[in-house]
1. Which of the peptides 40-46, 59-65 is most tightly packed, and how do the rest follow, judged by the mean count of other Cβ atoms within 10 Å per residue?
2. Can you pull out the GluC sites (Glu not before Pro) in the stretch 317-393 whose DSSP state is coil and whose Cβ has at most 15 other Cβ atoms within 10 Å?
3. Taking 0.36 nm per intervening residue step and subtracting the Cα-Cα distance, what contour gain separates S364 from W10 on full extension?
4. Taking amide hydrogens as modeled 1.01 Å from N in the peptide plane, which residues meet the under 5 Å criterion relative to A20, leaving out close sequence neighbours?
5. Check which residues have an amide H placed less than 5 Å from G373's amide H, if you skip close sequence neighbours.
6. What is the set of long-range amide H partners of G69 at a cut-off below 5 Å, with H atoms built 1.01 Å from backbone N?
7. Could you tell me the relative contact order of the stretch 3-101? Use alpha-carbon pairs under 8 Å, at least six residues apart, and round to a whole percent.
8. Which ³J(HN,Hα) values, rounded to whole Hz and listed in residue order, are derived for the stretch 38-52 from phi using the Karplus coefficients 6.51, -1.76 and 1.60 in 6.51 cos²θ - 1.76 cosθ + 1.60 with θ = phi - 60°, glycine and proline given as x?
Amino acid sequence: MSGSEARGTWRAPAEMTAFAFWGGVLIDLRNALIESPVVDIRAWAIMGGVDIVVPPGIPVEMDGLVVMGGSSNRVRDEPPIEGAPLVRVHTRGMWGGVSVRNPKRKRLRDRSRHGRGHVHADVHRLVEDALDVARGAVDRALTPGSVSDQIPPMPKTGSRARTVPADRSDGADGVGRVDGVGRVDDLDASANGAAATVAPNLNHQHADGHDGSAGAAPAAPARIPAGTLTILVSDIAGSTSMTERYGDQDWIEILQTHNSIVRQRVADHGGTEVKAQGDGFLIVFPSARAAVLAAIAVQEAMADYRRDHPEVPIDLRLGLHTGEVIATDDDVFGHNVVVASRIADEADPGEIVVSSLTRDLTASASDLSFDPGIDVELKGISQPWRVHRVLWK
């Protein structure tokens, strides 16, 4: 005799029940985190209503009966997105209604000086629909644990940053040094050798009293390359316990050093950083071989850093997969992104694990070696996957 709703970013279980009696229930799956290949919804409507919203491109099946009421499947007839979960709605009830629908399409008002009616913005609609389908996919890709396990997102290169002259780096390998677990003293020069851009340290100021961020023009986000991409997902092993061990301030500075090491090696091998969230990166490469070489370079640099700083045992787990993605100017989504994340979950600290497709594309390179591979069950993926570990050591 009231209402209930599940909407926004929430974790949708494989099975759920909605019961409406003289009231209403809303289930909005547009931003839901769905990890199962099938979602079964048992919708009961007794003199009430159940409204289910699914993103475009998600297949829907409906069965059951509402006596002296009705059920409707108003999902638009569009090709399903590859790897999209199936939503099955089982209706039951009396004198009520159950509906399944896509979100309403948005229209943009014609803002010309003549103001003649409305113009249907196809491009705008397609982008909005794609984002409705995929929003949360990268969150799933980089979030193997619960939300409470995450560390606040790391600043991306180009956002409110200060520049450090290249000649300030005193490391022999170009890797910045950390005073114990304290602040970063030096960081890598950027790929062109001119300057390095790092997250601002709020505890430091320049000699003139300014923090160096004022007046710095943000760098334009890199455009995601088109076509088949190799996706690299990274994760710091045991980051939650390290956060507790070192405390927030020291941990953030450790992350800054980690960010610098990863970004430098990615830039050296032509990769594009899509996003950095918590203690992980999502990076894409137009070349599978370049992606594997970049992963090896990152692990080698981290091994050097651990040797020089044994008090900061940062170990990375890296996973790579090659495939088509849904790409916008500054983000990627889709089934293959999730696969890359799940493959990274299979890696032990210090390891690089790749899909069989990525291995097949790079196996002919004489400078790369892989183990024979094993079949693994990836979380949320229905079929077993063959994965290989890169023999980089």
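1. Numbers: 40-46: 21.6, 59-65: 14.3.
The most tightly packed comes first, giving 40-46, 59-65.
2. Qualifying residues, ordered by number: E324, E377.
3. Result for the pair: 123.1 nm of gain on full extension.
4. Those qualifying (amide H under 5 Å, at least 5 residues apart or on another chain) are W44, A45, I46.
5. R389
6. Those qualifying (amide H under 5 Å, at least 5 residues apart or on another chain) are W95, G96.
7. On the way: 277 pairs, mean separation 30.4, N = 99.
Computed over the stretch 3-101, the figure is 31 percent.
8. Whole-Hz 3J(HN,Hα) from phi for the stretch 38-52: 9, 10, 9, 10, 9, 10, 9, 10, 10, 6, x, x, 10, 10, 10.
Laboratory data are not the source of any read-out in this text; all were calculated from the coordinates shown. Computed from a predicted structure; not experimentally measured. When we count neighbours, we look across all protein chains shown, and the Cβ atoms used for this are built from the backbone with ideal geometry, even at glycine.
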